[in-house]
Amino acid sequence: MLKILFLCTGNSCRSQMAEGIANNLYGDKIKALSAGSNPAGFVHPMAIEVMKEIGIDISSYKSKPVEDIDINQMDYVITLCGDENEPCPILPASVKRLHWDLKDPAKAEGSYDEKLAFFKKIRNEIKHRIENLLEV
């Protein structure tokens, strides 16, 4: 079974959605986890909402620090840092790393509907990338 850690800054949106999507689509082939370099301490309500729209419930997920995960046990670490100011940690050389440059939906501005649309856009991009992941 392939072990993948999805890592972003706050572990409230992108990495949580990625964990849910990967385990939902490929739970028999992938064990996905998520963590953050500076965890927010909660899963963003809009991330939960847009995931429910595609039939994935992440409402019980917890935001956690990367220090809680044994990175050396991972086959891949996929960083989801989008903004150049977001800190992505340095990883051990033994771990294969992929980087998906995705903006943080938690920082979206505008009306509720505009923010929700941005969450959906990021969710769909993550889902697309995960669907193609096994071709890596």
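The values are calculated or read from the model by the stated rules, or taken from the named source; none is laboratory data. The shown structure was predicted, so the numbers you read here are calculated from the model rather than taken from an experiment. Because the Cβ atoms are built from the backbone with ideal geometry, glycine has one as well, and the counts that use them run over all protein chains shown. Just so you know, the surface numbers come from the protein's heavy atoms only, side chains and all, with ligands and any DNA or RNA stripped out. Shrake-Rupley method; radii C 1.70, N 1.55, O 1.52, S 1.80 Å.
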Quick check, is Gly27 within 21 Å of Met1 (Cα to Cα) and either touching a residue at least 40 places away in the same chain (Cβ under 8 Å) or open to solvent by 70 Å² or more (accessible area, probe 1.4 Å) (or both)? no
Quick check on my filter: what residues within the range 2-18 are surrounded by fewer than 24 Cβ atoms within 10 Å (Cβ to Cβ) and among the charged types (D, E, K, R)? Lys3
Among the residues of the range 29-56, the number that are part of a loop (DSSP other than H, G, I, E, B) and modelled with pLDDT of 90 or more is 11
Please work out which one of (1) open to solvent by 70 Å² or more (accessible area, probe 1.4 Å); (2) within 14 Å of the chain's Cα centre (by Cα); (3) over 14 Å from Asn124 (Cα atoms) is the condition Lys103 fails and give its number. (3)
Apart from one, (1) open to solvent by 20 Å² or more (accessible area, probe 1.4 Å); (2) closer than 20 Å to Leu134 by Cα; (3) of a type in the set (Gly, Ala, Ser) all hold for Ser111; the odd one out is (2)
Could you list all residues from the range 57-75 that are open to solvent by 20 Å² or more (accessible area, probe 1.4 Å) and closer than 15 Å to Asn11 by Cα? Ser59, Ser60, Tyr61, Lys62, Ser63, Lys64, Pro65, Glu67, Asp68, Ile69
What's the number of the only condition in (1) at pLDDT 90 or above; (2) acidic (Asp, Glu); (3) open to solvent by 50 Å² or more (accessible area, probe 1.4 Å) that Glu135 fails to meet? (1)
Among the residues of the range 31-56 satisfying the criterion of being free of Cβ contacts under 8 Å to residues at least 60 places away in the same chain, of a type in the set (A, V, I, L, M, F, W, C) and open to solvent by less than 10 Å² (accessible area, probe 1.4 Å), which is nearest to Asn124 (Cα to Cα)? Ala32
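Does at least one position in the range 65-88 carry a residue that is of a type in the set (Ser, Thr, Tyr) and without any contact (Cβ under 8 Å) to a residue 40 or more places away in the chain?
No, the range 65-88 has no match at all.
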